[in-house]
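Reading through the structure tokens given below for one structure.
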Amino acid sequence: MTKIRLLTTTILLFYSSLFFSQERQRAGDLMSIAIKSKAQKFKENHNFNLAQVYFSQGNWDSTLVYSMKEISIAKNKELIDYCHYFRGISFKEKKLLSESKKELSKISNDFQFLYKVKMKLGEVTLAQNDFKNALRYFQQVEKLTNTTAYDFKYSTVLHNIGLCYLHIKKNDKAEEYLFKGAELQEKEKDTLLLIGSYMDIATLYYEQYKDSQAIPYFEKAYHLSKKVKSFELKRTATKNMAVVEENRKNFPLALTYRKEYEAWKDSLNDQNKVWAIADLEKKFAVKQKQKEVNILEAENKVKKAERNGFLISSVLLLVLLGAGVYFYRQKIKSNKIILAQKNELDELNATKDKLFSIVSHDLRSSVNALKVSNGKLIENLENKKYTELDVLLHNNSTIAAGAYNLLDNLLNWALLQTQQAYFYQESLHLVSIVQHVEYNYKPLMLDKKLSYKNEVTASEYVFADLDSLKIIIRNFLDNAIKFSKENGTISVYSRPSTEDFCYLVIEDTGLGMSNASREELLKETVLLSKKKNDDIIGTGLGMQLCKSLIHKNGGKLDIESEENVGTKIIIALQKFKNHG
């Protein structure tokens with residue numbers, strides 16, 4: 001079944017590299033000035049002075065060494081706090097997040113730059129995907145009064161809070177803070193950060209299926225990326241646009257963005273070539289030394305092999321004996337598995353033959369109907385009977401649609417029976433799923449002049465597999481349309497839920513069915529049931545497929561119907577109790 005939406009956040013979305021960092025050392029910021037002042041004041045503290053020099057140069061390994069030496073001998077609490085801060089930042093830059101968090105947590109509450117510590121703890125915790133604790137750290141920084149007195153961007157704090165809310169699925173809060181941060185960045189004309197903000201806002205809306213609100217922000221981020229030198233931002237913004245256009249089925253434009261993405265990717269690679277060459281030279285020197293070590297090791301191995309030849313031969317003999325016993329047991333085990341697989345294959349073949357015998361008859365009828373209708377089309381085309389041509393074309397479209405639905409159900413049935421279908425139950429917003437399915441059927445309803453109502457309760461969340469739930473709703477909605485008369489009504493709504501189940505009702509004012517037919521359809525033992533109305537293509541495979549999928553999702557099916565009055569399909573689905 002073709003999905004209405006393709007949303008893969010790990011490919012499409014760009015969470016601003018998880019967070020914005022404003023703690024890079026900048027000449028003239030408050031901390032740099034304070035560190036230099038301390039170095040002047042404590043000239044005799046050799047280790048501290050070396051640590052602060054290497055810290056300012058970004059030499060993280062040397063910073064770690066000398067800051068640890070200072071901590072081991074220092075008695076001044078303030079210097080110890082600075083050294084823990086140096087170590088925390090160094091570990092963070094080396095991607096050792098747990099160690100960074102430990103060091104930053106050791107800094108006392110009296111530290112002059114405690115707000116920077118909180119910011120860094122928030123960034124490290126966010127990078128560890130501990131979003132609730134990260135939110136707590138950023139909120140502490142947010143509460144600071146007179147933020148202009150501190151050397152950090154308040155817009156960054158707001159954005160990071162919004163990003164935390166985005167990850168913990170509190171969309172309203174995420175929207176509020178992301179927009180606040182973006183507004184400040186617009187005023188500050190901080191283009192780099194603004195691009196990330198636009199992409200995160202787009203992500204927020206896109207995850208809620210609000211494409212009309214998300215796409216403009218993806219486009220804003222893309223156009224802004226043209227003005228910056230960051231190849232990474234250009235590459236990400238372009239890739240986002242490519243996937244957006246793929247989801248909108250605009251494949252020529254998507255291909256254009258894909259080509260642009262590859263161009264930026266090549267540019268980024270060129271930028272890294274200088275560093276790559278230096279790295280290769282270093283690796284070459286290491287390999288040369290390693291070769292010398294390997295030669296010595298090889299010589300030692302030969303000597304050991306000569307000394308232990310007899311022992312190895314004995315062990316090998318025992319291994320061969322054990323292998324023989326093992327393979328003999330494996331052969332017996334394999335024979336049992338093959339026999340079980342043969343029995344299972346025989347059952348599958350029997351099911352396949354039964355399906356083919358029934359489905360082929362209906363497909364033959366559909367193809368034959370199309371053949372006859374096409375003959376009439378040619379005849380009426382020659383005679384220029386355009387009114388009859390219109391009727392025949394609509395008839396052909398109906399026959400083709402029925403045949404397509406039959407083949408689609410046959411494919412899903414085969415996947416279900418062979419256990420090849422992907423199945424993953426999760427929390428699903430029921431009204432959103434119904435809206436996605438109904439979208440494809442609205443033209444059919446308009447063509448048949450049917451009145452449609454969707455009154456599913458917005459607060460209903462079910463625990464089900466997304467694809468199978470769509471197949472169930474699609475089949476029942478398709479049946480409601482086929483069995484409804486012109487100017488009829490189709491309603492989809494919720495019945496009051498119980499502690500364990502939500503109830504979805506699909507009601508039509510169509511042909512209805514007798515009580516005997518209703519009971520026959522609900523039997524689990526019936527594989528297929530032929531519809532009595534020969535004008536409507538169908539084998540009953542769709543009904544059996546729906547029953548199987550409802551059962552697999554832990555749900556129940558019931559039918560209420562009266563001939564010439566209409567039918568109510570009642571689907572009981574497991575309620576998702578932990579939502580919210």
Of all residues in the range 475-494 being out of contact with any Asp or Glu (no Cβ under 9 Å at 6 or more places or on another chain) and closer than 25 Å to H429 by Cβ, the one that is surrounded by the fewest Cβ atoms within 10 Å (Cβ to Cβ): D478
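Based on what the data block shows, is T147 of a type outside the set (A, V, I, L, M), within 19 Å of K120 (Cα to Cα) and at pLDDT below 85?
On the way: of a type outside the set (A, V, I, L, M): yes; within 19 Å of K120 (Cα to Cα): yes; at pLDDT below 85: yes.
So T147 passes the test.
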The range 91-138, subset acidic (D, E) and in a loop (DSSP other than H, G, I, E, B), residue nearest to G162 (Cα to Cα): D130
Any pair with Cβ under 9 angstrom, 6 or more apart, that starts in the range 84-105 at a residue that is in contact (Cβ under 8 Å) with a residue 24 or more places away in the chain and ends at one that is in a loop (DSSP other than H, G, I, E, B) and among the basic types (K, R): R87/K106; G88/K106; S100/K94
Of residues in the range 446-501 being aromatic (F, W, Y) and out of contact with any His (no Cβ under 7 Å at 6 or more places or on another chain), the one farthest from G566 (Cα to Cα): F463
Qualifying position, being at pLDDT below 80 and either buried (at least 19 other Cβ atoms within 10 Å of the Cβ) or not aliphatic (A, V, I, L, M) (or both), among S212, S225, S230: S230
Residues that are in a helix (DSSP H, G or I) and under 23 Å from L144 (Cβ atoms), drawn from the range 180-193: K180, G181, A182, E183, L184, Q185, E186, K187, E188, L193
Residue match in the range 456-464 (condition: among the charged types (D, E, K, R) and surrounded by fewer than 18 Cβ atoms within 10 Å (Cβ to Cβ)): no
Condition broken by E207, with the remaining ones in (1) surrounded by fewer than 20 Cβ atoms within 10 Å (Cβ to Cβ); (2) under 19 Å from L224 (Cα atoms); (3) in contact (Cβ under 8 Å) with a residue 40 or more places away in the chain satisfied: (2)
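Criterion first (in contact with a helix residue (DSSP H, G or I) (Cβ under 7 Å, 6 or more places away or on another chain) and within 18 Å of C546 (Cα to Cα)) does F476 satisfy it?
yes
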Single condition M445 does not satisfy, out of (1) over 28 Å from V391 (Cα atoms); (2) surrounded by 15 or more Cβ atoms within 10 Å (Cβ to Cβ); (3) free of Cβ contacts under 8 Å to residues at least 60 places away in the same chain: (1)
Selection within the range 161-179 - in a helix (DSSP H, G or I) and in contact (Cβ under 8 Å) with a residue 24 or more places away in the chain: I161, G162, L163, C164, Y165, L166, H167, N171, A174, E175, L178
Within the range 33-90, tally of residues that are more than 24 Å from Y115 (Cβ to Cβ), of a type in the set (K, R) and part of a helix (DSSP H, G or I): 1
Filter result (crowded, with 16+ Cβ neighbours inside 10 Å and among the aliphatic types (A, V, I, L, M)) within the range 73-90: A74, L79, I80, I89
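The values are calculated or read from the model by the stated rules, or taken from the named source; none is laboratory data. Computed from a predicted model, the values in this text were never measured in an experiment. In this analysis, Cβ positions are derived from the backbone assuming ideal geometry, glycine residues included, and neighbour counts consider all displayed protein chains.
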